[in-house]
Structures are given as C-alpha cells and as structure tokens.
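> Right, I'll just put the structure down here and ask away after.
The values are calculated or read from the model by the stated rules, or taken from the named source; none is laboratory data. Quick caveat, the model's predicted, so the values are computed rather than measured. All Cβ positions, glycine included, derive from the backbone under ideal geometry; neighbour counts span all protein chains shown.
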Amino acid sequence: MLRNNLTMQRLIGLSLILLMSGCAQNTKIVVPSYTAPVELSKIEELKSGSETAEGVYLSFAINPDLAFSTQPPANDEVDLLTRNLVNQLQVQITETRFISIHPIYDMASVVLDMEVMDFQYSEQGGERKANLSVTFTLSKGSNAVLAKVYDAQEFRFSSDPNRLPSKQTVLASLTQTAVKKFVTDISPTRTNQLREFLSLPSDLSHVIGFAEKGNFQSAIDDMLKYQGKRDVNFYYNLAVLYEAQGSRSENLNISANAKQAYEQAFRLGGNQNDIIASAKARFDNFYRLLVLTQDQRTRNLQLNQELDEQFFMR
C-alpha cells in the first residue's frame, strides 16, 4: 500500500511539473495579417507620377458607365449592378489603402472599366438564383495592363418564400463576391492567422492569459522583465506577442521587434521546429506586405493632397 501511495505521489508530481512547464502548449491566438495580391507585378506597371521615391502614385478612377457584352437587363437591374459594383470597389479597395480611388475620372491616368459578360437572375417559388460574370480592365492611357473575368453565383432556398432575401440583397452579395476576387488580385487584403505558443517556465505562464485576453503589451512587458534563461521558446513566444501587437496596430516599429525575436529564435535552433519555422515564414510575408503597403499609402497621400489643393475638394 505504501509503495502504491509513493508511486501515485510521483505520478502526480510529474504531472504537475509537465503541466507547469508546458502550460502554453497548444494555446493559440488570432493575429491580423495580409495576403499578397496575385497580380502584383502587373499592378506595379500602373504607378504614375514622378520617378522619385515619394512621387509614384498607385490609384485609378472608376468608369461610372457599366458596359454589357450582350443585351442589357432591365433598367432597375442595370442600376443595381452599377451602384453595387462601384460601392463595393470603393469599400474594398480603400480598406488597406494600398490603392487609392482617383476622384476625377477625366483626369486620371489609370482607369477601371467594367463589362458584364453574363448576368442571370431568377425567382421561382422558394428559390433565388443569380449569376454574374464581369470583366475588370485596368488601363494606363491606351494600354490595358490587366483584364480578367470574375464570376460569382448566389443561390438561396427556403420552404417559406417570405423568408428569402430581396432581389437587392441577392445582387449586393453577388457583386460583393465578384469585387472581392478582383481586389484580392490587385491589392494586399486583410486576413487572420493562428499562432501557437510553445511551453514557458511557470514564472511566465500568466503571460499566456494576458495574450488570450488581447493584452499583448502587458505580456511583452513581463517577458522582458524575466531574469531566467531565454531559450528558443522564450524568443519565439516573445516574437508571437510582438507580432500580435504590431499587426493589430499596423505599427512597423513593433513588428520590427517581432522580426528580431523570430530571427533570434532561429539562431537558437528554431529553424528545426516546424511550428516556429511556419510562423516565421508567415510573419516574414506579412512584414514585407506591411512595409510595401505603408510605403504606398504615403506616396498616394501626396496625390490626394495635390488634388485637394488644386480643386479645393475639402
């Protein structure tokens, strides 16, 4: 009986040690990130302005007239499609501000034309169906730099037709999908990614609780005060905290700290850990896009200021 009690005590003690030393294992948080534009090389061709670093703008004006390759639908549908496409472009393009919308169509050196290749909408009993195929063409002067067709479909069904969305709602969702595919091709888009913490010493176990509540700065502060051994796990977890704080605020200085912490984790052998290697690769991609996006925002701001001064637009 005594031997069994001793064995049980040892197992309990071992379990507590493992729990305290590996308390952060599998704890995950969501960090904001960016996905790279698919057609970035072509978008680079659309830049205008002087060749100085601060004067290369990236903006386009939207042609307000929607073209149709076939017989246009009813007037109300033309109006809905046009209004929804333009509104969605203005919302989605300006979300990251990598590209700005030029406010004066006749003065813009880069323009966006839209042509509907196919459009179908039908209401039958408890069904609503809609299909849209639209070509987005970005041109600089007379040169079409990018022309691609984007498709979107909507299907809604209910045994109670009164619970189905209106035609306006269906078309709004349809155009939102098509525009999102286009914007993903031409601009960095916001997304979310998961980061997993690795085990920490018991003295630092509380920082994971801070992180789970979104209090990344307090977690960072306590990590930096730690006087114990700073191993690969320490620098990796610190990098994740810096990344979360920096990406949430899009602060390049904080993100640069994350970059340094990831690199230190790699120097200590983190390149052999799949979790660390994967997180660092994703962060490096985000950091590159954040630098690119913020640099382009600054350049585009110059164009907006020039237009404001020239036309007293504000």
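> I need the full set of residues from segment 136-164 which are surrounded by fewer than 13 Cβ atoms within 10 Å (Cβ to Cβ) and aromatic (Phe, Trp, Tyr), in order please.
Within segment 136-164, Phe155, Phe157 meet the criteria.
> Of the residues that sit in segment 165-202 and are more than 16 Å from Gln90 (Cα to Cα) and among the β-branched types (Val, Ile, Thr), which one is surrounded by the most Cβ atoms within 10 Å (Cβ to Cβ)?
Ranking the candidates gives Val170 first.
> Mind checking whether some residue in segment 247-258 is surrounded by 14 or more Cβ atoms within 10 Å (Cβ to Cβ), touching an Asp or Glu at 6+ places or on another chain (Cβ under 7 Å), at pLDDT 95 or above and not polar (S, T, N, Q)?
The answer is yes; a qualifying residue exists.
> Ok, one more. Quick check on my filter: what residues within segment 170-202 are outside any strand (DSSP E or B) and more than 25 Å from Lys148 (Cα to Cα)?
Once the filter is applied, which keeps residues that are outside any strand (DSSP E or B) and more than 25 Å from Lys148 (Cα to Cα), segment 170-202 yields Phe197, Leu198, Ser199, Leu200, Pro201, Ser202.
> Still on this model: Any residue that is at pLDDT below 95, touching a Cys at 6+ places or on another chain (Cβ under 7 Å) and of a type outside the set (A, V, I, L, M, F, W, C) - is there at least one of those in segment 229-242?
There is no residue in segment 229-242 that is at pLDDT below 95, touching a Cys at 6+ places or on another chain (Cβ under 7 Å) and of a type outside the set (A, V, I, L, M, F, W, C).
> Still on this structure, please answer the following. In segment 203-211, is there at least one residue being surrounded by fewer than 15 Cβ atoms within 10 Å (Cβ to Cβ) and either touching a residue at least 12 places away in the same chain (Cβ under 8 Å) or charged (D, E, K, R) (or both)?
Restricting attention to segment 203-211, the residues satisfying the condition of being surrounded by fewer than 15 Cβ atoms within 10 Å (Cβ to Cβ) are 203, 206, 209.
Narrowing the set further to residues that are either touching a residue at least 12 places away in the same chain (Cβ under 8 Å) or charged (D, E, K, R) (or both) leaves 203, 206.
Yes, segment 203-211 contains a residue that is surrounded by fewer than 15 Cβ atoms within 10 Å (Cβ to Cβ) and either touching a residue at least 12 places away in the same chain (Cβ under 8 Å) or charged (D, E, K, R) (or both).
Yes/no per residue for (1) part of a strand (DSSP E or B); (2) within 22 Å of the chain's Cα centre (by Cα):
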position	(1), (2)
Gln90	no, yes
Pro103	no, no
Val111	yes, no
Phe119	yes, no
Glu123	yes, no
Phe136	yes, yes
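> Filter segment 62-77 down to the residues that are at pLDDT 95 or above, out of contact with any Ser or Thr (no Cβ under 6 Å at 6 or more places or on another chain) and hydrophobic (A, V, I, L, M, F, W, C), then identify the one that is surrounded by the most Cβ atoms within 10 Å (Cβ to Cβ).
Among residues in segment 62-77 that are at pLDDT 95 or above, out of contact with any Ser or Thr (no Cβ under 6 Å at 6 or more places or on another chain) and hydrophobic (A, V, I, L, M, F, W, C), the one surrounded by the most Cβ atoms within 10 Å (Cβ to Cβ) is Ile62.
> So, in segment 138-163, of the ones that are polar (S, T, N, Q) and assigned to a loop (DSSP other than H, G, I, E, B), which residue ends up nearest to Glu306 (Cα to Cα)?
The qualifying residue nearest to Glu306 (Cα to Cα) is Ser142.
> Right, Asp76: in the same structural domain as Glu45 (by TED's automatic domain parsing) and either in contact (Cβ under 8 Å) with a residue 24 or more places away in the chain or part of a strand (DSSP E or B) (or both) or not?
no
> Is segment 222-231 home to any residue that is basic (Lys, Arg), under 30 Å from Pro103 (Cβ atoms) and not assigned by TED's automatic domain parsing to the domain that holds Thr184?
no
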